[in-house]
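Let me begin by presenting the structure, written as structure tokens, before commenting on it.
The values are calculated or read from the model by the stated rules, or taken from the named source; none is laboratory data. What you see is a predicted model, and the numbers here were worked out from it, not measured in a lab. Counting neighbours? That spans all protein chains shown, and the Cβs are built from the backbone with ideal geometry, glycine included. Heavy atoms of the whole protein, side chains included, go into the accessibility calculation; ligands, DNA and RNA do not. Shrake-Rupley method; radii C 1.70, N 1.55, O 1.52, S 1.80 Å.
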Amino acid sequence: MWSAIAGVASGDGVAAMKSMGQIIRSGERVALSHYHLDPAQWSDMLCAPGATLPLISCWANDSRAYVLLLEGDCPLLASTIVEERRYLAPSSRFAGAEWGERVSYDLYGVEAMDACGNGTPALDEGGWTSTWPLSSRPGPASGGLRPLAGSHFLRPEQTGLSGPLDLSFEVLKGKVRTVDVCAGGAHRGVVSRLLGKTPEEAMFLVARMTAGAFVAHPLAFARAVAQARGQVPRPGIRDVWMILLEIERMSLHLFDMARTARGVDAELLATHCDHAREAIAQACSEQGVSRRLMDTVSCGGFREGLEIVSLAQAVHAAMQPRLAALEELHRVFASRLNGFAVLDVRLAERFAVGGVTGRASGRSMDMRRRESGMRLEALRATGSSRGDARARDGLRLAEIRDSLKLMERILGSIGLEDDEPAPDRTDEGIGVAEGARGDVWYWVRLKNGRIENLHVRDPGVSVLPVLGAMLRGCPIERVPAALGSIGLSPAGIAL
């Protein structure tokens, strides 16, 4: 393997002339967008000349290592065999792969060779009953909880996060210097509990993966399952899914704006955001669905009895009159968010940070634009690309306005036919949904109608590598406001 790397690095051989995408597609195609690579092809990919494709996710188990990349706006999945618990580290090329490598080592004991980073555990805090618990050969427990890094530790109730994500900081003169993240307390083993279930059985847990995506997670999962089964959802189902996703987007944007506003003593704005979100929730409840739209998406469509037209009209009527006041209050308090928790566009691109956090920094990626039937003329949200909290909240308001317009367009042509062909059935599929906080991805492999393998990538994972840069120099008392502005949710990070 190492000789192959040296040959490619020196420009020797045909592989040196191929792009990363071409090298991946030279492997064995096993599904619509999935290619098996032998170890030499895997190392060729990691040393390919030219542009590096954006990394969506990286993971590994006992048998194979995977990288899910984005080529244009299409997913491209490459995998290679894990030999003697080892594989060549994707982080040698993709900086954002480090988290996935650490998680895979904690769960399976597979080692990423030549990995970047310090290799500290991501999940295993030393309190598990066995080491590498999902491995076919688990080891004895390490014994004793490892100490938290940093000189300042903030508990979840201090950070404002709605889940047990351990954040510890190096602090100098009251300001953050570095951030260390450990998600062991947030790890629930949800993904391992889904294995062996039918997709329909699994949907109950998927729908509860995180309160920040009661629609986005099930929708991405349903799309992955449909592709695995060689199916394309009917236009009427597709449009219902789109409307539900936009309702959730507005609700979550209001929630994140309220958290941010309270962190900078803008209580009036926070209260208006709370009232607007409650109005959306009340409209949903009056239409006979969950206040936060839980259990509205199913593998084959949507909840029985859901009247999407009346639901969309009720939510639109509740939200539209409140938007002008929210925009005016944002202008009043926006100066308090100037230069706060800034994400540089180069970091956003390098680590494929999506959602509002990425777009407010200048990374113009919105996976809704690739969806069949999308009324693209309604997606006009633009704003400052300065990457600070002010830019993020401004973009959230612009996206709420776009969501209302998009719902109007869909209601005007609901069920509009398109000519999207059904994929071949391969029992493997990739699904994505552009949630309020970014792109949610699912990879599913079925066997005899049940889930044989599964991977979930929540948008919060892409934020972890840039969190230190965004919080550097932030006064420790303003960390909760910064995390609220970023929209970080622990529940989706350690599944």
(request) State the percentage of accessible surface on the chain attributable to carbon and sulfur atoms; use a 1.4 Å probe and exclude ligands, DNA and RNA. (result) 51 percent
(request) With the convex hull built on the Cα atoms of the chain, state its orientation-averaged projected area in nm². (result) 22.7 nm²
(request) Could you run the Karplus curve 6.51 cos²θ - 1.76 cosθ + 1.60 with θ = phi - 60° over segment 334-340 and give me ³J(HN,Hα) per residue in whole Hz, x for Gly and Pro? (result) 4, 4, 5, 9, 4, x, 9
(request) Highest first, please rank the peptides 76-86, 384-394, 125-135, 352-362 by the mean number of other Cβ atoms sitting within 10 Å of their residues. (result) 352-362, 384-394, 76-86, 125-135
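Based on Cβ point charges of +1 for Lys and Arg and -1 for Asp and Glu, what charge dipole magnitude is obtained for segment 415-495 about its Cα centre, in debye rounded to the nearest 20?
My answer is approximately 660 debye.
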(request) Using the charge dipole of segment 179-298 (Lys, Arg: +1 at Cβ; Asp, Glu: -1 at Cβ; taken about the Cα centre), state which of Val179, Leu252, Gly189 has its Cα farthest towards the positive end. (result) Gly189
(request) Work the Kirkwood hydrodynamic radius out for segment 285-421: mean of 1/r over every pair of different alpha-carbon atoms, inverted, in Å. (result) 17.1 Å
(request) Can you find, among Trp59, Leu268, Ser79, the residue farthest towards the positive end of the dipole of the chain? Put +1 on the C-beta of Lys and Arg, -1 on that of Asp and Glu. (result) Leu268
(message) Just to confirm my numbers, what's the Cα centroid distance between segment 305-345 and segment 54-128 in Å?
(response) 37 Å
(request) Could you work out the local net charge near Ile414, counting Lys and Arg as +1, Asp and Glu as -1, over the other residues with Cβ closer than 14 Å to its Cβ? (result) -2
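Can you give the net charge of the other residues whose Cβ lies under 13 Å from the Cβ of Ser385, counting K and R as +1 and D and E as -1?
+3
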(request) Mind giving me the nanometre distance, one decimal, between the label points for Leu416 and Asn118, set 7 Å out from Cα along Cα→Cβ? (result) 5.2 nm
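What's the magnitude of the charge dipole for the chain around its Cα centre, counting Lys and Arg as +1 and Asp and Glu as -1 at the beta-carbon? Answer in Debye, nearest 20.
The calculated dipole for the chain is roughly 700 debye.
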(message) Starting from 0.36 nm per residue, how many nanometres of slack lie between Lys197 and Ser63 once their C-alpha separation is accounted for?
(response) 46.2 nm
(request) Place a +1 charge on the Cβ of each Lys and Arg in segment 60-148 and a -1 charge on the Cβ of each Asp and Glu, then give the dipole magnitude about the Cα centre in debye, rounded to the nearest 20. (result) 180 debye
(request) Give the peptides 246-259, 38-51 in descending order of average Cβ contacts within 10 Å, highest first. (result) 246-259, 38-51
(request) Please name whichever of Ala228, Ala341, Gly383 sits farthest to the positive end of the charge dipole of the chain, dipole taken about the Cα centre and charges placed at Cβ: Lys and Arg +1, Asp and Glu -1. (result) Ala341
(request) Pop a pseudo-label 7 angstrom from the Cα along the beta-carbon direction at both Arg370 and Leu268 and give the gap in nm to one decimal. (result) 4.4 nm
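Between Glu307 and Arg380, what is the FRET efficiency for a Förster distance of 35 Å, r being their Cβ-Cβ separation, to the nearest 0.05? Kindly include the intermediate steps, with their values, before the conclusion.
Values: r = 28 Å, r/R0 = 0.81.
Efficiency computed from Cβ-Cβ geometry: 0.80.
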